[in-house]
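The values are calculated or read from the model by the stated rules, or taken from the named source; none is laboratory data. Quick caveat, the model's predicted, so the values are computed rather than measured. Ideal geometry is used to build each Cβ from the backbone, glycine not excepted, and the neighbour counts take in all protein chains shown.
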Number of protein chains: 2
Amino acid sequence: MRRAGGETTSSVRKNLCTVGVDLGGTNLKLALIDAQGRIIDQMIEPTRGEEGAERVLARIATGVRRLAAAAPGRVVAVGVGVPALIDMEAGVVLDLPNLPGRWPRVPVTDIVARETGLPAFLINDVRAFTVAEHSLGAAQGTETAVCVAVGTGIGGGLIAHGRVVLGLGGSAGEVGHLILALDGPRCGCGNRGCAEVFASGPAIAAEAIRRVLQGNTTTLRDLADGDLAAITPALVAEAAAGGDPVAIEVLERAGTYLGLALAGVIATLAPEIVVLGGGVAQPGGFYWRAAEAAARANSHVTEIDRIVFAPPALGYDAGVIGAAWWAKLAIATGGERAVVGS
Amino acid sequence: MRRAGGETTSSVRKNLCTVGVDLGGTNLKLALIDAQGRIIDQMIEPTRGEEGAERVLARIATGVRRLAAAAPGRVVAVGVGVPALIDMEAGVVLDLPNLPGRWPRVPVTDIVARETGLPAFLINDVRAFTVAEHSLGAAQGTETAVCVAVGTGIGGGLIAHGRVVLGLGGSAGEVGHLILALDGPRCGCGNRGCAEVFASGPAIAAEAIRRVLQGNTTTLRDLADGDLAAITPALVAEAAAGGDPVAIEVLERAGTYLGLALAGVIATLAPEIVVLGGGVAQPGGFYWRAAEAAARANSHVTEIDRIVFAPPALGYDAGVIGAAWWAKLAIATGGERAVVGS
């Protein structure tokens, strides 16, 4: 190994990298991240969850080795972000609802570490998004913050005392399960009336479909070519952008529900910033604006005017960057996986 | 000043004390607290809020001086806990709803410091309760915790990373304002359907009065000697303890609502412990048990079996001890009032 004469230990350390993995229900993303959080190299492929945990993890390990080969001797750890209930301390998935088999008690970090020779760390995907947005994105420098991602589900993460809050088992931040209506529709979690049943992507699609089935005058039917399955949140957003009043109403209603949940989180945490993102919450869109407006209108016990609402700064890369950054933080604190913070 | 030969600076410092003030709508409590959190001396008197902020603060200053005289040269600071929206950094009350005049922009710490010659620090009373229960009480040693006090209002405080979370302006912890029913009754805060309108002391009294007015068979009418104003949460608890099914139902209903709000806080923070106290939430009572049961039954995204529910360990002294302890912490961190933690 060559080392330039004037190079200090510190500057050598700055060249160290980590690999982040973002395991989604559809796509598997991996990225090599440098010490400044920049993406050096990345790859994306279909998750192919039907192959089972063992094969998917083998492909993850292969991808990590390939990316690590691009920075020989400089990759120090792997962070794996999963949309799952996990045991962070043990590095084990408990329940991964979006993949076949749901991966009960799959020891992800043990397998990835064995197959790559690198220390591996597990983190929930939305907590990874929160770590990224706090360390490198929209919430940078804040002491207290909330990051929320709206997609098929609604998840989030908290920052307090300038570090991500993990809570028991790393499950802090599940703000989609604040109960908004005692006798509301049944949520996937088992409760009735969680924010998620009113404000998630599926809730938007279902409400739009209901409007079409009711015979409301809307462009949605034509946009979907009469196929109800084609009525996605993205299609509703497209119709709304074209001025369709039904689509606008559907998005604003869902966004308002999210805003009421956000008002609860704001009363609880009094954050400096609310970072709102995810595929469904497009910055500047009807949903996003309705959510901010409802959160502000329903916050009376916090100095709401001082709270900033912002879209994520890292876009779709936040998950994979956050997973890599988490591994870096874990290594920096001696590998105490459950207690480190961003 | 005499100093024993073998005495170190550290053991001298251990003898230092602080004074805590708990300014309630009815009573004013002050206590001299030593470095171990023990009450050395205390006093209690009616608040007499009708005298106005200036006179009340003058009496507080007199009380502080009297208590400080009992430990000459050893009292280093005063902490004032108030049931108010405050500007912690400035040490100013913004709104104190339970006292005449509501104390808008009253500079409490400036006045108390000027009149006592001691550094003074301001904290919300429920955050003081949280500091006390975390530093010296039921939540001692935890990394992540929630403390909730139920009385006329419902307030609380959060612990994350082993320190109290203040949030913007010190207003984190207002868990009584999670919205549980979109079209619920109007709350004092301005929202509809906050947990407070269903689960606070006034909510319990009002629901019990409604049952009496409706002509339900209940011992409450006799216990109150036909005087509706005598139907307090304490009277309802007395009737329930005597087996009155209407009183039991009223308490269990209110406790269940609180439990639904707690489920939201648990999903958000995933705490190790929920400390539940305040005049209305008597440990082991119908309300307390219903709250715990509903919180557990409605928590599906956290490992709820690992979460402990406990009553406060410091009882009615938690507020005054917490205010004193807060002053000690503030001094220990150089007086940076807004950023220190328990």
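Structure values in brief
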| item | result |
| --- | --- |
| Enumeration of residues in segment B:294-320 that are away from every other protein chain (no Cβ under 14 Å) and more than 22 Å from B:Glu238 (Cβ to Cβ) | B:Ala310, B:Ala313, B:Leu314, B:Asp317, B:Ala318, B:Gly319, B:Val320 |
| Test for B:Arg114: is it farther than 20 Å from B:Gln42 by Cα, without any contact (Cβ under 8 Å) to a residue 12 or more places away in the chain and in a loop (DSSP other than H, G, I, E, B) | no |
| Selection within segment A:177-195 - more than 8 Å from every other protein chain (Cβ to nearest Cβ) and touching a residue at least 60 places away in the same chain (Cβ under 8 Å) | A:Gly188, A:Ala195 |
| Qualifying residue in segment A:194-201 (condition: closer than 21 Å to A:Cys147 by Cβ, of a type in the set (A, V, I, L, M) and in contact with a Phe, Trp or Tyr (Cβ under 8 Å, 6 or more places away or on another chain)) | yes |
| Cross-chain or 6+ apart pairs with Cβ under 9 Å, segment B:133-160 first and on the phi > 0 side of the Ramachandran plot, then surrounded by fewer than 24 Cβ atoms within 10 Å (Cβ to Cβ) | B:Gly141/B:Gly162 |
| Within segment B:155-169, tally of residues that are more than 7 Å from every other protein chain (Cβ to nearest Cβ) and surrounded by fewer than 24 Cβ atoms within 10 Å (Cβ to Cβ) | 1 |
| A:Asp222 being in the same structural domain as A:Leu158 (by TED's automatic domain parsing), assigned to a helix (DSSP H, G or I) and either over 21 Å from B:Ser299 (Cα atoms) or touching a strand residue (DSSP E or B) at 6+ places or on another chain (Cβ under 8 Å) (or both) | yes |
| Enumeration of residues in segment B:196-212 that are surrounded by 21 or more Cβ atoms within 10 Å (Cβ to Cβ), in contact (Cβ under 8 Å) with a residue 40 or more places away in the chain and either assigned by TED's automatic domain parsing to the domain that holds B:Met88 or over 24 Å from A:Ile307 (Cβ atoms) (or both) | B:Phe198, B:Ala199, B:Ser200, B:Gly201, B:Ala203, B:Ile204, B:Ala208 |
| Boolean, B:Ala323 is within 11 Å of chain A (Cβ to nearest Cβ), under 19 Å from the mean Cα position of the chain (by Cα) and under 28 Å from B:Thr26 (Cβ atoms) | no |
| Residue in segment B:256-276 that is more than 23 Å from the chain's Cα centre (by Cα) and assigned to a strand (DSSP E or B) present | no |
| Subset of segment A:135-145 that is within 15 Å of A:Glu272 (Cβ to Cβ) and more than 9 Å from chain B (Cβ to nearest Cβ) - its residue that is surrounded by the fewest Cβ atoms within 10 Å (Cβ to Cβ) | A:Gly141 |
| Segment A:266-306, residues that are within 19 Å of A:Leu178 (Cα to Cα) and either outside the structural domain of A:Pro202 (by TED's automatic domain parsing) or not aliphatic (A, V, I, L, M) (or both) | A:Thr268, A:Pro271, A:Gly277, A:Gly278, A:Tyr287, A:Trp288, A:Glu292, A:Arg296, A:Asn298, A:Ser299, A:His300, A:Thr302 |
| Candidates B:Gly190, B:Gly169, B:Gly173, B:Gly157, filtered to the one that is under 30 Å from A:Thr142 (Cβ atoms) and assigned to a helix (DSSP H, G or I) | B:Gly169 |
| Hey, A:Arg192 under 19 Å from the mean Cα position of the chain (by Cα) and among the basic types (Lys, Arg) or not | no |
| Yes/no for A:Gly162 being at pLDDT 95 or above, touching an Asp or Glu at 6+ places or on another chain (Cβ under 6 Å) and in the same structural domain as A:Val275 (by TED's automatic domain parsing) | yes |
| Any hit, segment A:111-129, residues being within 9 Å of chain B (Cβ to nearest Cβ), surrounded by fewer than 24 Cβ atoms within 10 Å (Cβ to Cβ) and either out of contact with any Gly (no Cβ under 7 Å at 6 or more places or on another chain) or of a type outside the set (A, V, I, L, M) (or both) | no |
| Hey, B:Val275 over 22 Å from A:Gly193 (Cβ atoms) and surrounded by 24 or more Cβ atoms within 10 Å (Cβ to Cβ) or not | yes |
| Any chance B:Arg66 is in contact with a Lys or Arg (Cβ under 8 Å, 6 or more places away or on another chain) and free of Cβ contacts under 8 Å to residues at least 40 places away in the same chain | no |
| Test result for A:Ala267, away from chain B (no Cβ under 12 Å), of a type in the set (A, V, I, L, M, F, W, C) and either surrounded by 17 or more Cβ atoms within 10 Å (Cβ to Cβ) or out of contact with any His (no Cβ under 7 Å at 6 or more places or on another chain) (or both) | no |
